[in-house]
Every structure is written in C-alpha cells, then in structure tokens.
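The values are calculated or read from the model by the stated rules, or taken from the named source; none is laboratory data. It should be emphasised that the depicted structure is a prediction, and the values quoted were computed from it without experimental measurement. FYI the Cβ positions are ideal-geometry reconstructions off the backbone, even for glycines, and counts take in every protein chain you see. With ligands, DNA and RNA removed, areas are computed over all heavy atoms of the protein, side chains included. Shrake-Rupley method; radii C 1.70, N 1.55, O 1.52, S 1.80 Å.
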Protein chains: 4
Amino acid sequence: MAAQLRVGILGATGTVGQRLVAMLEGHPQLVVTAVAASDRSQGKTYGEACVWRLPGDIPSALRALQVRSPEPPLDCDIVLSSLPADMAGPVEAQFAAAGYPVISNSSSHRMDDDVPLLIPEVNAGHLAMIAGRPGRGFIVTNPNCSTIMIALALAPLQARFGVEAVAVTTMQAISGAGYPGVASLDITDNVVPYIASEEEKIERETLKILGRVEGGGARVRPAEFPMSAQCHRVPVVDGHMAAIRVQLGRKAEPGELREAFTSFRGVPQELGLQTAPLCPILVRDEPDRPQPRLDRDAGGGMSVTVGRIARDRVLSHRFVALSHNTIRGAAGAAILNAELLLAEGYLRLRNVQ
Amino acid sequence: MAAQLRVGILGATGTVGQRLVAMLEGHPQLVVTAVAASDRSQGKTYGEACVWRLPGDIPSALRALQVRSPEPPLDCDIVLSSLPADMAGPVEAQFAAAGYPVISNSSSHRMDDDVPLLIPEVNAGHLAMIAGRPGRGFIVTNPNCSTIMIALALAPLQARFGVEAVAVTTMQAISGAGYPGVASLDITDNVVPYIASEEEKIERETLKILGRVEGGGARVRPAEFPMSAQCHRVPVVDGHMAAIRVQLGRKAEPGELREAFTSFRGVPQELGLQTAPLCPILVRDEPDRPQPRLDRDAGGGMSVTVGRIARDRVLSHRFVALSHNTIRGAAGAAILNAELLLAEGYLRLRNVQ
Amino acid sequence: MAAQLRVGILGATGTVGQRLVAMLEGHPQLVVTAVAASDRSQGKTYGEACVWRLPGDIPSALRALQVRSPEPPLDCDIVLSSLPADMAGPVEAQFAAAGYPVISNSSSHRMDDDVPLLIPEVNAGHLAMIAGRPGRGFIVTNPNCSTIMIALALAPLQARFGVEAVAVTTMQAISGAGYPGVASLDITDNVVPYIASEEEKIERETLKILGRVEGGGARVRPAEFPMSAQCHRVPVVDGHMAAIRVQLGRKAEPGELREAFTSFRGVPQELGLQTAPLCPILVRDEPDRPQPRLDRDAGGGMSVTVGRIARDRVLSHRFVALSHNTIRGAAGAAILNAELLLAEGYLRLRNVQ
Amino acid sequence: MAAQLRVGILGATGTVGQRLVAMLEGHPQLVVTAVAASDRSQGKTYGEACVWRLPGDIPSALRALQVRSPEPPLDCDIVLSSLPADMAGPVEAQFAAAGYPVISNSSSHRMDDDVPLLIPEVNAGHLAMIAGRPGRGFIVTNPNCSTIMIALALAPLQARFGVEAVAVTTMQAISGAGYPGVASLDITDNVVPYIASEEEKIERETLKILGRVEGGGARVRPAEFPMSAQCHRVPVVDGHMAAIRVQLGRKAEPGELREAFTSFRGVPQELGLQTAPLCPILVRDEPDRPQPRLDRDAGGGMSVTVGRIARDRVLSHRFVALSHNTIRGAAGAAILNAELLLAEGYLRLRNVQ
C-alpha cells in the first residue's frame, strides 16, 4: 500500500456524508481521518452522532472518531464537503483560504468564476481554472445530482452532433433531499412538481459544464443553447430519472445516438481511476428501461443508463436517462473528482499557511 | 323524476366499469339496466362476478343483475363501453349497427373518420359528424386518460394565443392500466418509462380533438402543430400528471395564461350538465401544486388542476396539469359525453332494426 | 338552527387540527370561532399560517381568522385540543382551571384520575367522573388513535363473552405521526417496528376504557386482563390496522363474535349524534378485508371495520380491525365526545372565573 | 476447481428461479446446465424467455441455454425446483422417481412423510429420513419464506428454554407472491390481511421443522406447542417481517434470549458451507430495528435479523424478526440445502434408472 491522502469529511452525518464514508471504506488512496458536522453532533463520536441510514453498519474504523466542528484546522490533507448549502459557502471558503483542497458536493460555489464544476468524463480540462494552485487551497465542485446525469448524457451528443436545445423533465428520488428531507405525507401515493431551486440549477450548471475554458484557464464560457428543466419528486428511494428532448446540430439516426452513448469514454476510464465505471453510459434496448430500481446500481452506481432513444416531433430526438443520485450524483462524484485531482497532480501534501 | 335513459355497461366488472357503476348510482337521467362483461363473469350476478375495488360497496340495486354477454340485444337504450381494446372494436361496431348509441371509453374507434373524439368543453361541435344519425346507432368516444387533460388544458390557449408546438411528459397513475394491470413488483420504489401505445395515442388524439370539422361534419381536419409525448408510470393510485411545454402563437405574460385557464368554460357549464364541474380548469398558485393526492378529486374528479405556469427557455411557456384518470379521464368523460348527447337531442329511445 | 357552541381549536395548524377544522365545516352545533397554535403561526391569519394538507381547500370562513396563542382567554365556549404532547399538559390544565371545558386528543391527561378517557359507544358512563362539574372547567380526552379501534372492537366481546387476554399487533399509517412526522426515507419500501410510547399507551389506555367507574364516579377501576401490543409503521397514508388475538371468557363460535360486532350500538347511535356512524363496527366477510385504502372511509371514517374472524390456536379467537386514524382515531373522536357532552348537558355557556 | 455438480432449474424464469440463477453465478460447486419452465418459454433461449427482474443482467453463460420442458431426462445431476405449487407435485415426484435428487422450494411435498423439510442450521438431523437413499432419487424441501425465519429464530429458544406457545403476526413483501403476483392496485397505499394458505403453512411447517426424527429416520414427530400465525402483505419489495410472541418453558431475562440468538450456530457454519452466513441470527439493539430495507441484505440475505426483544404481558416474551424472503426464504434456502446434501454425501453422480 503506497501513500494515502488523509480525508476530512464535512457534513459527515448527513445522507451524502454517510455515502462518502461508506464508499471510502477500503479505498486504496483516500483514508478518512476526520469527520465534521454542523450540529449537535460535535463532541460525540461518529458512532454516537450518526443515525446510520444505509444498509449494513457504520465502518468500524470510524465509529470512535470524534466529530469535529467544520472549521480549520482539521486533521487531514483534503476535505470532502457535503455541508448544507447555507453553511457550505463560508466554511468551504475558509478551508480553501487555510490551504486545504476542498472537493465539494454543495451548491454554494459551483457557479464561482474560479471554481471548476467538474465531471471527470466530461470536462476534465476545466481543471485549468486551478492550474496555478497545486499545493495551495482551492475549491472543486461536482454538479447537482440531476445535472450530472444530464450533462454526462449530453456530452457525447455535443461532441458528435452539436446540441442546439435541451428540454429535460426529471423524476427525482427522495434521497436527493437528504434526511429527514421529504415528509412521507408529502410523497406517499403522490408526486410533487417542485424541488426548490432545482430547475434553475440544472439549467445553469449544465451550460457551465458543457462550456469551454478560455483565457488560459481564466474562465469558462458557458454553452449557449436554450436549456429548460421541469423537476418532480417521485416516491422512489434512490435513482433520478430524466426524460430528455434534444435538438441536435445535424441529422442523425437514433442508432447513431446509441453508438455515441455506448462508445463514450473519458479521462477516468483512460486513467483507470478507482471509482470510474467501465462505461460511463450504458444503453438498454428494452422498451421499458431504464428504471430506478433495476438500473440505479449499474456500474456500482457510477454509470448513467440511457434508453428509449427515438426521434421527437418537437425537438429532433428524445431519450430517458437514469443514475444513482447519491452515488454518481453526489458522493461518488466527489470521490471521482478527488481521484482525478490526485492523478493529475493537484493533491500533494498541503501547505498550511 | 322525468324520463330516464336505460344504460347498458360493457366491461362492467373492470376498473373503469366499476367507476361507471359508482358514478351512475343516483344519476337523475341515466339508470343502469344491463351489465355485460367479456369473461367468465357471464351467468353470474354482478355482485358475484365483480371483485369491487373502489372504497365502499357495490350499489345494492345492481348486485343481483345478471352479467350478460357483450352483444346485442341488451336491455337498454344506450351502451357505455369500457371494454378492453382487443374486444371493443368489433363489439362496439356490432352494437352501433344494431341501432344502439355507443359511448365508448375504449381506444378502438377513436380515430375513425365518422366517430367524434369528444371532450364536451372542447369540441362539442364535432358532434356534427353524427348529426345525420339521431335515433340510429353511432359511436362517440372519449380520449385516452392523459389526452383528456392535455387537450382540455390546451383548448383555452389555442383559442386565445394559438398553439404552435407542444411537448408533454406524463407521470401516470397505476389505475390507468386497469386490474390487475401493473404488477406491484414493477412499480414499487420505481418508475417505468413506458406505457404501450400511450405516446402515440396522446400525440394523435390531441390533434384530432383540437382539429376543425369540415365539409359540414363530414370529417375532422386535425390540428397541425408538432406534438410530442413521453410517458411514465409512477407509484400513484389515481391522478395523471403532465409537465407541459407549449409554444404559443404570440407573446403572452404567464398571468395571461392563468387568466385563460381560470375563465375557461364550455358547453357543459352553459347547459349545467349533471357531471360537469363548475370550472373545467382550476389554477393553484402554490409553488408545489398540483399534486395527485391533493388535487385529483377537485370538482368531483372532473376538473383539471393547473399550476407552475411560467416562461420556458425552449418553447415559450410551461405548466403542470393534473386530473383524475378514471373519473375525468375515463368514466366521468363517458358519462359527460352521454349527458351532452342527451341534452343535444342525440339520445332518444332507440329504434332497434 | 338552534343555539351553537363556539369552539376554539388548540393546535389548529397541525394534521389533526386541520381534520377538526374540515370536519366542523357546516356542523349544526359546533362553530369554530378561534384557532390557536403553538408556534410561529401566531399573528398570522389561519390561511397564512396553515399549509393545508388535506384534499380541497381551507374552509373559507376560517381563512381570515387570526391565529392566537394557546392560552386563556380565547373567544369560544369550549376548546378542542390537538396540541403536541409536550405542550398539552400545562395548557389544557390552564384552560380547565379558567373554566373551559377541554376536549382533548392529546395524551397528556388521558390517565389522570379525574379525566374520562372516552369512547362514547363504549364508556359513556365514565362521564360520571366529571358529573359534579357542569358549567365549570374540566378535561375529557379521547384515546390514542390505535386504542380507539381496539377498545371499540373489544367492547361487544367483553359485554357478551368476557375478555381474559388480548394480544394486538398494529400496522399504522403515516398520518398518525403528524406533519412532517415520518421521513419518507424511513418508510418508503419499508416497515418500522417502533412507534415511541405507542405500545405502552395501547396497553394502558385500553384497560382504563374497559374499566368500571367506582365510588360514585370518583375513579375508574381498570380492566384487569393481560394486554399486549406490538406496533409497526407501514407505508399507508391513512388507516390503522390491528391483528387482534383475544381469549374470551367462554366458548363461542366465530359466528357469535360476528353477531356481537354487527349488532353493537352505543349511546351515540341512540341519541343520533351528528358524527356518529350508523354502525360503530362493520364486518366484511371477504377473506382479504379489511384493507386501509378500501375501508378507512367506512361510515364517514367513523366506523371500525372488522374481518377475518376465526378461532386461534394460542388465544381463543382472532380477527383484524381497521379504522381511519385521523377521523375515528383523532378528530372525529374529539368531535363525537363534544357532541355527547352537549347532548348529556355538560356543555353550557361557560362561567369564566 | 474440483468436481462440479450439474444443476437443472425447474421454474427458471420465475422470481425465485431468477434468484437461483443469480446466486449460482460463479458458485464453486454447483453449475447450472439446464433450465426448464412450465409455460410458453419452451423452445426459446433463456435470454429470450426470461424477463429479468433483478438488478443487473442475466448471467451471460445462461443466455443462450434452451429452455426445456420440466420433465426427465434433463441434462443435470440434480434439480432445484421453484415450480408453481400446482405443477410441482407430480413433476417433482417424476424427477425423484427417475433418480434425480430434487431440492425444492415448492410447497407440494413439504409435509410428505418421507420428505425432509430442511433448514440446515435447525434440523440437519432430519436428513436421516432419506439416509437410505444416497445415489437414488429423493425430494428435500425448504420451508415457506416466512416459516424459515420463524423456525430459525425459535430454534435457539427451543433448545435453551423450551417453547410452549408461539403467536406470529407477519408483514410480508410483495416479491413473495412471484411475478406478476400482487397487483399494484391492491397494495399501493394499502395492507392486505390475507395471503392464501400462508397462515396454515406457517403453523404446520414450523412444528414439523422443530419436531424430532423417530424410528431411525422413519418419520418426524412434530413439535406440539400451539402455534398461531396471522399474515399480511405490505408494500415492501423484499424482506418479510414477523412480530413474534413466545411462551418459553422457563423464566428468562430478555438478555438471555439475546445471548441465545447471537451465539446460535448450526451445521452450515461448522462445515463452512459456501452460502452459509457467519451468523444465522443477528441482533440489532436500536429500538427501531429490524427494518426490511436496512436489514434484508444482512449476511448476503442469509441472516435473520432480530430486534425489540422484551417481556410480553400475554405470552412470556416478544421480539421482531426479519429476513430476505427470496434469498434466505427461497433461493438461498434451496442452495444451502444443496450444499448441505453435498457436504453430507447425499449428492453423488446420479444413477438414472
């Protein structure tokens, strides 16, 4: 076992924090050495503070770790943050200022000019935005849980055909709202056509991710196609689904889209990153797939599954995409970002100022 | 109590058949005198044949009625049909040929040239197609359970602004598939992005409903805008939801759409038909409405509830619509059609040939 | 319309409070004149403060009512309380001390020596406990939402056969936990075998209800049979179910239990109280009933439905009971209590001290 | 890799059949060489015939296998049967007569005098019933999906304290009914207090399993305590739960039951069988466990999880048990039986007569 990077998790007791902890158990390069949370948990051990809501048990190595306050210094080389949005803004900035690389799943800094909004398969080149800062503090974010699968599915279409307009309608799982999150009285035998700020995030973040780095990494010029999202919460535990209509830049047979999806590979696949799935996008040809319960765990929860590829009468094509919202859409996204940063040389032992 | 029309129900033991029976209990003009079903039910009483799946009990007046074979003659003046699609085609034609007015919820004849596809609030004028046939047999159909709410919501927009393109994404309740219908293993903790033939029906039927009668009633010229539907089954008992994007023919503030929806009235409201809701379309201004469980019973299940009216970045506007799929979308639709036909003089005592 | 009693509702914005408001709309004797709540709602109108979670709309008459602090004086003759348990204790005592009759759904005072725990069909005679206090303040409570249906179902068995032991296993709806109550992540695709304090409440309250008044109303001597409850939360919106095993005091054919259930009537039926169902207990003979979704609204939500009556190999008999937990089990229970008190002369214009 | 036994699966396209196929993928000793099904599947390949309803894909090795008719001869050394009950009786007898060891999950032969009803941890000694038949055909069955966890949980109590009466109330998952099985309209927002023949099976099978072999393996003398089961279907995908009350033969602290559960081991653990869990029974001490979604996969789906151990007021003790109904309760049970038979020398190359 070679050198390991010591990881601190901010928001470690929450839904995504627990996924981070579970996914990092046994990770060859990243080892959790600190857990922090924003609430009454501080002072308790992680085992006491954490009401574990994933199948199985809390990793025994972390059970006795003291829960810390989310502020530097923290006993770690990098921090992974899944803090609630209202706290993440200042806290993450504080850690970056103190010299920590901050890899965040929170929305606060995603649209900042000097913060990459990163999906390693899609826009690894956006790391140019922090190229001048190895060994210093910075923030790298992953997108919103729905945006990730949408942008991932659009990436090969943009590359091969061009994208001129996108209209997305999502059906999102309850785990996306954290815990306690959605009240059971609101979602049992029901659908809620509203998730606060979600439509705006998807519309905005997708364009940044699919945009181009300019000025030698100074900024990202967002993609410019019209982008529309309508979002719904459905009574599903895990797995966000999106019905996507797209206007492509040139004529294409549905089979060409299929081929673009299945042949798509990115930097994580080339580098063989630990958490990278073999295929970022899987295509199912059955008429009734993808489905959350059957497809959310594809590729260890890191693959996006696409199905129902067809022509559309309003835009040029349509299809349905699905991915695991707390793995590829959150915890796995952050970990893959960390693995990319490590492979690309951005994560050395930190220099605290 | 004045004269009553005697009603035979084809497919009386099914999900929609049961709704028809329940809604006609105590109806002032329509009284059920015959029940027919396609299966092993024949020879049994309705009480024996019917596994009642609605809250409450089978109307006691019908409990002892013999279940008949679905073929003429039947002891009634008109038939309401909710037969399965594979049987409805020939059986309904046979009843019409035998002189019965047939009011059908089945899909078999909806697109026939001489069959009105009727939503009384939207296209009562389409009855011109059967104008030459009072006192004789004919078929009048209501649309697919999702189409009804979509066409109803589009009608006031078409009238006031013009409609140039429509993209609909539905989230449909399990009761729409009848009984036993959707297996619980397929839909618990899940969404299924496929309902056989549903997308085609919505795309095709909407254009016929919003089309114009030509040639003095000889035919309907369908509306010609591009129409796209993506359909999903969600774990909801009753209440279909549709996320609708529409390109209007002229600029309009969201408030103008709101006003067009809330002020919309049709022939059933003018005539005060028994089953007509006061408002065909209700608008909810809360950001998280409409919702199936809270809004499906609005207007006795006969109103469509609309919410989240806003501009859209790809088409010009968007909103969410919801209605009760087995009431406004099926049984109530057929009954309202019967009431309109009665009020317009199409249903007299039949002359059997 | 004769004289009306003016009602104040404590906890009016909660789940049970909303049910009280909805059920009292149009009540011939009880008119809501004051609403109080424990939280940030005070100062707002009821329409502003209340996120209405029942189908349909807030009764328009109450929309503009100011939400008050839950303390006397309040502009009403009696108070109906559905306060959370932690507040109900002192607040209800304060109202009673100030001369208000308090009819409470909260658990705080149910086991108090001078407080009747009342199900009008079962133990109307327990009102002897407050016989000396007409025109003065007092507290009358209804039982826990599961206890009500259990005690109601046991009452005719106790009367006819004697009861020597009872073992109950409940499957309870999410609405029993109020709002936000049960997190959707805890109950979707899941069952939770724990509801805080519920087993103790059912075991204790049932024995008090089925006990006898002694000493001229001075106290209740609880029934003395062993009583066991195991409680579970299931993903059902409304309707608590209980699998009940009972050891009767004498041999009995299942048909005799059936007859005891169906023939059972109580004081509310004799007096024709407004909210009393025709039959407190309905029996369904189908092998798969009762079911929450099909039977919870029986008798307007005020009837208990019983089915699957059979011999048992461990105790002598078994059956399954079901009732609507927020109607018969909470709001309807309190209203029926108020109606009984009114009919029995306990509710006159109050004398504030 | 040493010698492998060639396995034929009867009912291979069904819910349990698919689980068998999935669990045997990569099994070191058991390799699937034949699949048979009762229906229109014959003649197709397994990949064509099987609508795969488990996460992931059909094992590629089986995709091209021809589906056979369920009758001998079949290209295999033993058959694992998950045929529907109406077919299993004669078909399994036919295979046994033809010399095949038949390891069945079906209910048809469970109560036969010469058929062991086997849970390897509980009653491995019952194999004495077939001791005279190595190398010849025989039938070995596993119990009903609920019975397995009930009998497993009772086994250590019977051994240590004696068992004098048991009352079980189950809440069972939809996958227990196969596919299409439970209609979604029957179980969404609902509980069904009826599963055909289930209560009788649990009451009868538990006593056989906990009975003693007599007459040198000639017969099983069932346990004789009163046993009562009430069964319910709940909207849960996988994982049967049972609320269990038990009268023990002597006084015992709850902690003694806990210790009996956690220390329980059986022959599969001693022999280190491939599919045996480390601990047959796990105890969770949190007040709200076990839960189906969190605990069903414990021990790879082969452990029973027990919680809420307490005294009871009617019988002496109570607790809640949970296990995965299609793994420990069906496919895993049959495979563990096969492994035990193999380890004990009952499965040699068969001699077809």
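Values as computed for the structure displayed
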item	result
Segments classed as helices (runs of 4 or more DSSP H), wholly inside segment D:206-324, with at least 3 members that are of a type outside the set (S, T, N, Q) and at pLDDT below 95	none
Residue selected from segment B:263-295 under the condition exposed (fewer than 14 other Cβ atoms within 10 Å of the Cβ) and touching a residue at least 12 places away in the same chain (Cβ under 8 Å), by the criterion nearest to the other protein chains (Cβ to nearest Cβ)	B:PRO287
Filter result for C:ARG258 (of a type outside the set (A, V, I, L, M), more than 14 Å from chain A (Cβ to nearest Cβ), surrounded by fewer than 24 Cβ atoms within 10 Å (Cβ to Cβ) and under 30 Å from C:LEU30 (Cα atoms))	no
Condition check for B:GLU121: away from chain D (no Cβ under 14 Å), on the phi < 0 side of the Ramachandran plot and not in a helix (DSSP H, G or I)	no
Boolean, A:GLU92 is in a helix (DSSP H, G or I) and open to solvent by 50 Å² or more (accessible area, probe 1.4 Å)	no
Within segment C:296-318, tally of residues that are on the phi < 0 side of the Ramachandran plot and either of a type in the set (Gly, Ala, Ser) or more than 9 Å from chain D (Cβ to nearest Cβ) (or both)	14
When residues of segment B:161-181 are limited to those that are facing another protein chain (nearest Cβ under 7 Å) and open to solvent by 20 Å² or more (accessible area, probe 1.4 Å), the one nearest to A:ALA243 (Cα to Cα)	B:GLY181
Residue in segment B:36-47 that is in contact with a helix residue (DSSP H, G or I) (Cβ under 9 Å, 6 or more places away or on another chain), assigned by TED's automatic domain parsing to the domain that holds B:LEU118 and part of a helix (DSSP H, G or I) present	yes
Among residues of segment D:38-56, those that are within 14 Å of chain A (Cβ to nearest Cβ) and within 24 Å of the chain's Cα centre (by Cα), counted	7
Enumeration of residues in segment B:182-214 that are open to solvent by less than 20 Å² (accessible area, probe 1.4 Å), closer than 19 Å to B:PRO143 by Cβ, hydrophobic (A, V, I, L, M, F, W, C) and out of contact with any His (no Cβ under 9 Å at 6 or more places or on another chain)	B:ILE202, B:LEU210
Selected residue (criterion: farthest from the other protein chains (Cβ to nearest Cβ)) from residues of segment D:241-252 that are open to solvent by 10 Å² or more (accessible area, probe 1.4 Å) and in contact with a strand residue (DSSP E or B) (Cβ under 9 Å, 6 or more places away or on another chain)	D:GLY249
Qualifying residue in segment D:325-337 (condition: surrounded by fewer than 24 Cβ atoms within 10 Å (Cβ to Cβ) and either in the same structural domain as D:ILE130 (by TED's automatic domain parsing) or without any contact (Cβ under 8 Å) to a residue 24 or more places away in the chain (or both))	no
Tally, over segment D:219-240, of residues that are free of Cβ contacts under 8 Å to residues at least 40 places away in the same chain and either buried (at least 24 other Cβ atoms within 10 Å of the Cβ) or of a type outside the set (Lys, Arg) (or both)	2
Qualifying residue in segment C:134-150 (condition: open to solvent by less than 40 Å² (accessible area, probe 1.4 Å) and modelled with pLDDT under 95)	yes
Residue within segment D:135-143 that is within 14 Å of chain B (Cβ to nearest Cβ) and not in a helix (DSSP H, G or I) present	no
Selection count, segment D:185-213, where residues are more than 21 Å from the chain's Cα centre (by Cα), at the interface with another protein chain (Cβ under 7 Å from one of its Cβ atoms) and either within 20 Å of C:ARG233 (Cα to Cα) or touching a residue at least 60 places away in the same chain (Cβ under 8 Å) (or both)	7
Matching residues, segment A:48-85, being assigned to a loop (DSSP other than H, G, I, E, B), open to solvent by 80 Å² or more (accessible area, probe 1.4 Å) and of a type outside the set (A, V, I, L, M, F, W, C)	A:ASP57, A:ARG63, A:GLU71, A:PRO73, A:ASP75
